[in-house]
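Reviewing the structure listed below.
The values are calculated or read from the model by the stated rules, or taken from the named source; none is laboratory data. Owing to the predicted nature of the structure, the values given are computational and were not obtained by experimental measurement. Cβ coordinates were reconstructed from backbone atoms using ideal geometry, including for glycine residues, and neighbour counts include every protein chain displayed. Keep in mind that these areas ignore ligands, DNA and RNA; they rest on the heavy atoms of the full protein, side chains included. Shrake-Rupley method; radii C 1.70, N 1.55, O 1.52, S 1.80 Å.
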Amino acid sequence: MRIGLFSDAYLPDINGVVSSVATLKAALEKLGHTVFVISNHKGMNIEYDEENHILHLPGIEWKKMYGYKISSPIQVMGENYIRKMNLDIIHVHTEIGIGLFARQMAKKYNIPLVYTYHTLYEDYVHYVNPREIESVDHTTKRIVRFLSKVAGNGPMAVIAPSNKTKKALLSYGVTTPIYIVPTGIDLSEYKISNLDPEKVKAVRKSVHIPEDHHAVVFVGRIAKEKCIEMPIEALSISKDPLLELVIVGAGTDEKYYHELADQYGVSNRIHFTGKIAKEKIPYYYAAFDCFVSASLSETQGMTYLEALATGLPVFGRRDEVLDGLIDEGVTGYYFDDANELAQKWEVFFSQSEERRKAMTPLCEAKTKDYDTELFAQKVLAVYQQAMDDYHMAYQVIKIDFLQSDFVQLTVKRKHDEESIKIKIPDDDFFDLKISVNTILDAYTVENYVNMQGYYEAVIKVQRHLSKADYSSYEILQYCQRRLNLDAQTSRSIVRNFEDARLINDHQYAMEKALVWHSYGQNKLMIRKKLEKAGIHGELLEQALDQLSDTDEEINATEMAKRLLKGIKAQSERMMRQSLINKLIKKGYSVDIAHRVGESIEIDTDENEALKQAVAKAQRLYGNKPLDDNEKLQKVRLYCMRRGFTSSQIENALEEIND
């Protein structure tokens, strides 16, 4: 197989990505494959090492980022070299510069693309936010997540060095198949039996640490994401006078940690070695007693593996990356803070030297699964799967932009007679940079095919929402009752619309309450309508609290005027009481009902009302088998129940008899 490894960093630079690429190249070549490395260098010309198949494209050094080189993604002359390589697979290891160039070449020459996500960039946003402004931190991390999703959804396959990395990619929204392949290390470089004992002693002697002292080593970049302040603080807490810390490496924050050591008063027990050549690193593990790292930014933790391969117990901050590497008290120790680290050091160094040395073979055994040949075999399996998927891929032959937030693609495979049409969200369309002739892998198309029912439902909900405002509960009911969707799918659709702010229960409740109030509806009526729409609890009370009592009283007054038209043949006193009762039944508060009932102007003639009451009573009891006295008594009671006094009733009866 002819394989192209694309990376912005490569030898002689030293970092985790370089180590992974170099190890993979050597292991693949050992299995008989032809491997090209496409990287960059500080210079304006192209340099090609034909013997070793290493292509260096022009680049500019970025000193702030440890001397990394950045290249333009447009490499006209470099493209000629790529074409002649006749690659079967492109494996990209970085995201910008060379990474973008790799993606262009894969697309232009129809080469399957595999991508390894080496770095959890969310842990590195402090480089663009040195003042640690919270809003900038939030925005930067959101951008990182979005760009990681875009980078992960372009290739045929994604390689994650650990389950921790895979989980992060899935949380970003990466749907491409993700394969966990831990980076292999050349164990032979780190085995104690392969190291010169005199050189090991010389390293320890070079940092002036006596043999009987307790020496802890950190190996890595001197940067804040490595949290080196925690071991430094632990050293200041420790009561062990023989304990010393060796920090191997260089970086932009070296001055900061020198000053921190001074502040803690332990600068005489901390040894900064500066940058060490890669081939000497194994000796810097072997020369000391144990390894420590408090970093939580590792995607795999190559230094943990290197230390274990040398036989060193490791002290690591609790992190998913260390699952399967640290057995507490057997191959190392976990810690969460400086106090716990200091305690664990005390436990370790309080043991006899013989007991500590007995941990060496157990530590070495932990690295057997990271053998370089096994690493290469696993990567080759991913390559083969990516190539198989690529040959089963679809080509976009037509694009239709719909009125909804979707794009309809017509796609077809070479060996299929019929094309198929799929709808995809327009966000995905732009994220994947789809155009006519774009190749979509079968896995992606299959996922979209399975989502068509869901997308159709989303489109129907969009149309429904365009006609009126609805609460989340109302849309949930619409999905389940009208669209016949299950509860889980319905909730998913509602959440998506809530995230897009097309459904907002707070806004719905507040606005609807005001509108209904302006229509003359009282708070009780509004409460019932909001409850029916699924608005409850604090939000319901908040919506009602915004309604002023003044407006409520105005509405009650208007209601009272309408109610008065139906109240006849009663005294003014009884009319007011009836009005109060009716307002309370309509849902107005007792206080407002009384204020309105007692203050409203009633234009009525009590004498005429009494006559009407008497006449109605006479009609009511006229045909009853009663004598005159009984009928007269019934009339009197009827009129009294309508609020008229006895004297008023007698006067009215006398006038009628006259």
Qualifying position, being surrounded by 14 or more Cβ atoms within 10 Å (Cβ to Cβ), among the β-branched types (Val, Ile, Thr), part of a helix (DSSP H, G or I) and touching a residue at least 12 places away in the same chain (Cβ under 8 Å), among 119, 165: 165
All positions within the stretch 423-444 that are buried (at least 16 other Cβ atoms within 10 Å of the Cβ), more than 24 Å from the chain's Cα centre (by Cα), among the hydrophobic types (A, V, I, L, M, F, W, C) and at pLDDT 90 or above: 434
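Condition check ((1) touching an Asp or Glu at 6+ places or on another chain (Cβ under 9 Å); (2) open to solvent by less than 70 Å² (accessible area, probe 1.4 Å); (3) in contact (Cβ under 8 Å) with a residue 12 or more places away in the chain) across all residues:
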{"residue": "43", "(1), (2), (3)": "no, yes, yes"}
{"residue": "72", "(1), (2), (3)": "no, yes, yes"}
{"residue": "77", "(1), (2), (3)": "no, no, yes"}
{"residue": "82", "(1), (2), (3)": "no, yes, yes"}
{"residue": "102", "(1), (2), (3)": "no, yes, yes"}
{"residue": "105", "(1), (2), (3)": "yes, yes, yes"}
{"residue": "112", "(1), (2), (3)": "yes, yes, yes"}
{"residue": "130", "(1), (2), (3)": "no, no, no"}
{"residue": "139", "(1), (2), (3)": "no, yes, no"}
Out of 256, 304, sole residue that is of a type in the set (Ser, Thr, Tyr), buried (at least 20 other Cβ atoms within 10 Å of the Cβ) and free of Cβ contacts under 8 Å to residues at least 40 places away in the same chain: 304
Complete set of residues in the stretch 320-338 that are touching a helix residue (DSSP H, G or I) at 6+ places or on another chain (Cβ under 6 Å), under 29 Å from residue 264 (Cβ atoms) and exposed (fewer than 14 other Cβ atoms within 10 Å of the Cβ): none
Pairs where the first residue, in the stretch 522-538, is within 13 Å of residue 586 (Cβ to Cβ) and the second is among the acidic types (Asp, Glu), C-beta under 8 Å, 6+ apart: 522/552; 523/552
Residue match in the stretch 113-128 (condition: under 26 Å from residue 4 (Cβ atoms) and acidic (Asp, Glu)): no
Unique residue being of a type in the set (Lys, Arg) and over 30 Å from residue 603 (Cβ atoms) when the list is 529, 523, 561, 582: 529
Residue within the stretch 82-90 that is among the hydrophobic types (A, V, I, L, M, F, W, C), more than 29 Å from residue 390 (Cβ to Cβ) and under 37 Å from the mean Cα position of the chain (by Cα) present: no
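Select from the stretch 259-276 the residues that are among the small types (Gly, Ala, Ser) and closer than 19 Å to residue 219 by Cβ and write down the one among them that is surrounded by the fewest Cβ atoms within 10 Å (Cβ to Cβ).
Ranking the candidates gives 274 first.
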Subset of the stretch 592-602 (residues that are surrounded by 15 or more Cβ atoms within 10 Å (Cβ to Cβ) and either among the hydroxyl-bearing types (Ser, Thr, Tyr) or touching a residue at least 40 places away in the same chain (Cβ under 8 Å) (or both)): 592, 595, 596, 600
Subset tally (residues that are under 12 Å from residue 552 (Cβ atoms), open to solvent by 10 Å² or more (accessible area, probe 1.4 Å) and not basic (Lys, Arg)) for the stretch 575-591: 3
Cβ-Cβ under 7 Å pairs, at least 6 apart or on other chains, the stretch 1-30 side closer than 22 Å to residue 109 by Cβ and in a loop (DSSP other than H, G, I, E, B), far side of a type in the set (Ser, Thr, Tyr) and open to solvent by 30 Å² or more (accessible area, probe 1.4 Å): 8/68
Residue check, residue 523 surrounded by 15 or more Cβ atoms within 10 Å (Cβ to Cβ) and more than 24 Å from the chain's Cα centre (by Cα): yes
In the stretch 529-573, residue modelled with the highest pLDDT [restricted to those that are outside any loop (DSSP other than H, G, I, E, B) and β-branched (Val, Ile, Thr)]: 557
Test: residue in the stretch 1-15 that is of a type in the set (S, T, N, Q), touching a strand residue (DSSP E or B) at 6+ places or on another chain (Cβ under 6 Å), in the same structural domain as residue 116 (by the TED database) and within 22 Å of residue 160 (Cα to Cα): yes
